Every structure is written in structure tokens, then in C-alpha cells.
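Each remark here refers to the structure printed beneath this line.
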């Protein structure tokens, strides 16, 4: 083979190999989770009442401790009631400390002050981002007699990207509980 034919065949080989598109793997698909809006019913205890989503299954342990279970989302809101008996500062400290215990695994904690003067309900709502054990907590009080806390947990290893749609949905339910909370 002479130099010209080698050059020609080399050029053809380069053109043939160089014109191929690189094969890239396709990104994996993301599951899109959407939950339909629930209807709200009323829950009454001896100490308080509030509205809760009908998608939740109420499991009352006793008059001071209850759970709202969401089997479709594999999540639960745990709520505990305490009577204030000169221990408001301790109850507030414990509730705030509990919320910030998740800071180790959390990417961030958004704290929102809640105030409903008409219903005499005051508190804080904590929204947690990241792979923390609990994605939200709240406490509410009238600052004289009643104190209630709530925490959101999923029965799965925390993976914020996977549980995000359910976490947002249940955080909104927790805010509804706070907004409709009335003391007796």
C-alpha cells in the first residue's frame, strides 16, 4: 500500500469511528407521588379538639397520647398532651430540645412561630429537611393550662428525596391541626 491509500483508509477509519454518538445511560426515572386532598373531621378529647384528615386512622392510646396513622404514606403523627402545672418552662425547653436533636442528620430546620390569639393557641412548628428521623414537630400551648406536642415519623429509613411528597402533605396536616386546635 502506498502512502496515499494508507492516508485514505486512515481518514475513512477516523471518519467512521468519529461520527458515532457517545452512548450515554439514561437517567433513572423518578416516581411521582401525588396524594388527593382529604376531608377533615373533628377529634374531641377532654382537654382539646381539632380537625384532622380522614386519610388518617386515629389510634388513641389514652386521653393524653394519640397517633394519626397514614398507611398509604407509611407515616404517623404522634401527639402527646400535658397539663401545665408550674412546669411550662420545662415543657417548652423539652419540646424545643427535641426538635433540634435532629440537627445532626438534617440539612436544615425551619422554625415558624404560630399564634392564634382568638383561640388562645401559641406555639412553634419545625419543618425538617434532610434525612432526619422526624420530618416535622410542633408544640402548642395556652401558656396556663394546656400543652401539646406533635411529631411526624415515617416507618422507613429516612431518605428525604423519596419521602418529600408525603412529608409535605403530612406537614400541611400538622399545620391544620395547629390552626384548628381549641382548648376545653
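Select the strands (runs of 3 or more DSSP E) contained entirely in segment 36-76, then report the ones holding at least 2 residues which are in contact with a helix residue (DSSP H, G or I) (Cβ under 6 Å, 6 or more places away or on another chain) and surrounded by 16 or more Cβ atoms within 10 Å (Cβ to Cβ). Passing ranges, in order: 48-53. Cβ-Cβ contacts under 6 Å between residues 6 or more apart (or on different chains), taken from a first residue in segment 63-91 that is closer than 14 Å to residue 156 by Cα to a second residue that is in a helix (DSSP H, G or I), are listed as 73/166; 75/166; 75/170.
Here is a list: 143, 127. Which entry is closer than 30 Å to residue 86 by Cα, under 11 Å from the mean Cα position of the chain (by Cα) and either surrounded by fewer than 19 Cβ atoms within 10 Å (Cβ to Cβ) or at pLDDT below 95 (or both)? The conditions single out 127. Residue count for segment 147-172 satisfying the condition of being more than 16 Å from residue 109 (Cα to Cα), buried (at least 20 other Cβ atoms within 10 Å of the Cβ) and over 10 Å from the mean Cα position of the chain (by Cα): 3.
Just need a number here: residues in segment 145-170 that are in contact with a helix residue (DSSP H, G or I) (Cβ under 8 Å, 6 or more places away or on another chain) and over 16 Å from residue 95 (Cβ atoms). Final tally of qualifying residues: 4. Restricting the search to segment 92-118, which residues are in contact (Cβ under 8 Å) with a residue 24 or more places away in the chain and farther than 16 Å from residue 134 by Cα? Matches in segment 92-118: 92, 114, 116. Scanning segment 119-138 for residues that are touching a residue at least 40 places away in the same chain (Cβ under 8 Å), more than 14 Å from residue 101 (Cβ to Cβ) and in contact with a strand residue (DSSP E or B) (Cβ under 6 Å, 6 or more places away or on another chain) turns up 119, 121, 123, 125, 127, 138.
The values are calculated or read from the model by the stated rules, or taken from the named source; none is laboratory data. Every value quoted in this text rests on a predicted model; they were computed, and no experiment measured them. Using ideal geometry, Cβ is built from the backbone for each residue, glycine included, and neighbour counts are taken over all protein chains shown.
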